[in-house]
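The values are calculated or read from the model by the stated rules, or taken from the named source; none is laboratory data. Keep in mind the model is a prediction, meaning the values are calculated, not measured. Quick reminder, even Gly has a Cβ in these numbers, built from the backbone with ideal geometry, and neighbours come from all protein chains shown. To get the accessible areas, we keep the full protein, side chains included, count just its heavy atoms, and leave off ligands, DNA and RNA. Shrake-Rupley method; radii C 1.70, N 1.55, O 1.52, S 1.80 Å.
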Amino acid sequence: MSIFFGANYKKSELVHNLAIDLVDLDRGPVGREISEIIMAMPQSMASPTWRFRADIRDIDQARRYARDDAWGVLVINSGLSGRLASALTLGTDYDASLALTMLKQGAYHPMAQPLYIQSTIAATASLVSAQ
């Protein structure tokens, strides 16, 4: 019980101190649009803060960063703009599950991850897909 209460202590004042990182490996128009949507979302004291990371260059580096230094990372996968453009113009198959990758760090706090990090990333991905 103490872990649960600790995770909820002053939630409305402290959760914004948790950061979720956004990494755009696509670097194309679709990745840029997704990044703009996420970074323009209203911030709240009761939800994690989004940070944009331009220094991460590949998925392996993003995985290492998520494992060693982050609460959570949402990666816009490389080639997303090209795959979507190809599907729209040429009719090739498009697999939407290859658009985003969620990376999480489970070792920091067992309650904060599902309550704040994972739920925020999932809600954000849902919001972006609806746009």
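Magnitude of the Cβ-charge dipole of the chain, K/R +1 and D/E -1, about the Cα centre, nearest 20 debye?
On the way: 12 positive and 13 negative charges, 60 e Å.
I would put it at about 280 debye.
Using 1/(1 + (r/R0)^6) with R0 = 22 angstrom and r between the beta carbons of Met39 and Ser86, what's the FRET efficiency to the nearest 0.05? The partial results should precede the final answer.
Numbers: r = 27 Å, r/R0 = 1.21.
It comes out at approximately 0.25.
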Open item on the list: Probe of 1.4 angstrom, ligands and nucleic acids ignored: what's the accessible area per residue over the chain, in square angstrom?
Closed with: 57
TODO: Would you indicate which of (i) 16.3, 53; (ii) 15.8, 56; (iii) 13.5, 39 is the value of Rg and Dmax of the Cα atoms in Å derived from the coordinates of this structure?
DONE: (ii)
Open item on the list: Tell me which of Leu98, Ser129, Ser119 sits at the most positive position along the dipole axis of the range 40-131, charges placed on C-beta atoms (Lys, Arg +1; Asp, Glu -1).
Closed with: Ser119
Open item on the list: With a 1.4 Å probe and all protein chains kept in place, how much accessible area does Asp60 have, in Å² rounded to the nearest 10?
Closed with: 80
TODO: Calculate the spin-label point distance for Leu14 paired with Ser129, positioning each point 7 Å from the Cα along the beta-carbon direction, and give it in nanometres.
DONE: 3.3
